[in-house]
């Protein structure tokens, strides 16, 4: 049944092909000539097949694993440099009609308070996020046609984009809502969203149906084919991911890579981002119920192998991960992280109040403020970026990927990262973060490849100091 170009879920994510891939990879876990040839192919930065990626994940040869990690770091540096894109989730509502067993929003949970933000409350949340310095949000909402219809999501996006507070503005709204229709994806596109994000949770159909016994999300095909409909609706930046720990990691890793292959083959452009969350504690969710929890060593190898497999795709890690785990993931391939996050409805205004904690989707492991995370990144040699220029300049989908593949994106991303970092430093940073950040900007300017672009960036950095905002290449 396997057909990478098919738009049917059970054909582009074919169970027999995944099982055969896992078996083949296990049989070749110590096949040095094969593994070395795959690593050599990966150095060309043209991507790997799901079978090749599975072999690297299974590799047991310590020296070859070190080569994989080294290559992952090199590829990340080649395409993303030291830049780390910053964002925050914004939870609009935890009303949900689904019965996902791993999520506290499931309809049978009677202990969690249900809440939906009004437009006035959304404005207050956005102002709080702007006061932190955020420019990019990921909207989150449970699936509930009565409480969270598409009209509510669209109105919320309009509200978010309309808010100007001091020097603050949200310049990109990504959306993580349930699978929907082509018509609704067109509406989201017309509303000016950035990336449409939807996690598969698990690609194993039988396991998926066990985890989702009731509700619209129980339809495996409808959920798995969502990105095809989003592309048909005009959204060419899509983000995929699985929740590692719901199923054996090997199965979901292969399925994840197959999904990326499918989008490239059938829709003309692969995923803009891949997220790699792991299941963690939450109200009514005991991680001990999930026997496939992924240990740190395996998790970080997944990140490294994904980086060499899909070199042009952004990778996202959330505050589910603790500081040490995030540091390792950044080193091996992650290019976007959240900061100062709340996973509760109304959490940025409510802060530590019980209302915010009791509506949280999952427990946050990295509880540092955005300023603390920005300074941590700066001190680690990274450039925190608040850039949203590609989306606003129409560099999405295959246009973005073309720029990445030919290396020209550095003439946009590097100066844009530095200019948006300068905005953050001047408007929001603590004195210590400001001091470290200005030093990093001075050092990083030399990494802008084109001399004319570098000169303009230097001039704009001075203008930002003088009060002007929102420059971009």
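The values are calculated or read from the model by the stated rules, or taken from the named source; none is laboratory data. Not measured: the values here are computed from a predicted model. Neighbour counts run over all protein chains shown; Cβ positions are idealised from the backbone, glycine included.
Scanning the range 11-38 for residues that are in contact with a helix residue (DSSP H, G or I) (Cβ under 7 Å, 6 or more places away or on another chain) and in contact (Cβ under 8 Å) with a residue 40 or more places away in the chain gives 12, 13, 15, 18, 21, 22, 25.
Within the range 355-374, can one find any residue that is under 29 Å from residue 455 (Cβ atoms) and assigned to a helix (DSSP H, G or I)? Among the residues of the range 355-374, at least one is under 29 Å from residue 455 (Cβ atoms) and assigned to a helix (DSSP H, G or I), which makes the answer yes. Filtering the range 394-426 to residues that are over 17 Å from the mean Cα position of the chain (by Cα) and under 20 Å from residue 268 (Cβ atoms) leaves 394, 395, 398, 399, 402, 403, 404, 405, 406, 408, 409. Within the range 334-351, the residues that satisfy the criterion of being under 18 Å from residue 376 (Cβ atoms) and in a loop (DSSP other than H, G, I, E, B) are 334, 335, 339, 340, 341.
A single member of 447, 469 is under 14 Å from residue 382 (Cα atoms), in contact (Cβ under 8 Å) with a residue 12 or more places away in the chain, surrounded by fewer than 18 Cβ atoms within 10 Å (Cβ to Cβ) and in contact with a helix residue (DSSP H, G or I) (Cβ under 9 Å, 6 or more places away or on another chain), and it is 447. When 183, 225, 209 are checked against the criterion of being over 18 Å from the mean Cα position of the chain (by Cα) and within 15 Å of residue 260 (Cα to Cα), 225 stands alone in meeting it. The condition of being surrounded by fewer than 16 Cβ atoms within 10 Å (Cβ to Cβ), modelled with pLDDT under 95 and outside the structural domain of residue 417 (by TED's automatic domain parsing) holds for only one of 111, 118, that being 111.
Is one or more of the residues making up the range 19-41 within 25 Å of the chain's Cα centre (by Cα) and surrounded by 20 or more Cβ atoms within 10 Å (Cβ to Cβ)? Looking through the range 19-41, none of the residues is within 25 Å of the chain's Cα centre (by Cα) and surrounded by 20 or more Cβ atoms within 10 Å (Cβ to Cβ).
Per the conditions (1) under 18 Å from the mean Cα position of the chain (by Cα); (2) part of a helix (DSSP H, G or I); (3) within 21 Å of residue 4 (Cα to Cα), the sole criterion not satisfied by residue 269 is (2). The number of residues in the range 209-222 being touching a helix residue (DSSP H, G or I) at 6+ places or on another chain (Cβ under 8 Å) and buried (at least 20 other Cβ atoms within 10 Å of the Cβ) comes to 3. Residues in the range 364-386 that are touching a strand residue (DSSP E or B) at 6+ places or on another chain (Cβ under 6 Å) and either at pLDDT below 95 or farther than 30 Å from residue 438 by Cβ (or both): there are none. Inside the range 433-444, residues that are without any contact (Cβ under 8 Å) to a residue 60 or more places away in the chain and surrounded by 13 or more Cβ atoms within 10 Å (Cβ to Cβ) make up a count of 4. Quick check on residue 433: is it touching a strand residue (DSSP E or B) at 6+ places or on another chain (Cβ under 9 Å) and assigned to a helix (DSSP H, G or I)? Taking the combined requirement at face value, the residue does not satisfy it. Scanning the range 130-176 for residues that are part of a loop (DSSP other than H, G, I, E, B) and surrounded by 22 or more Cβ atoms within 10 Å (Cβ to Cβ) yields 133, 134, 135, 142, 144, 148, 170. The residue that is nearest to residue 382 (Cα to Cα), among those in the range 47-80 that are surrounded by fewer than 20 Cβ atoms within 10 Å (Cβ to Cβ) and modelled with pLDDT under 95, is 77.
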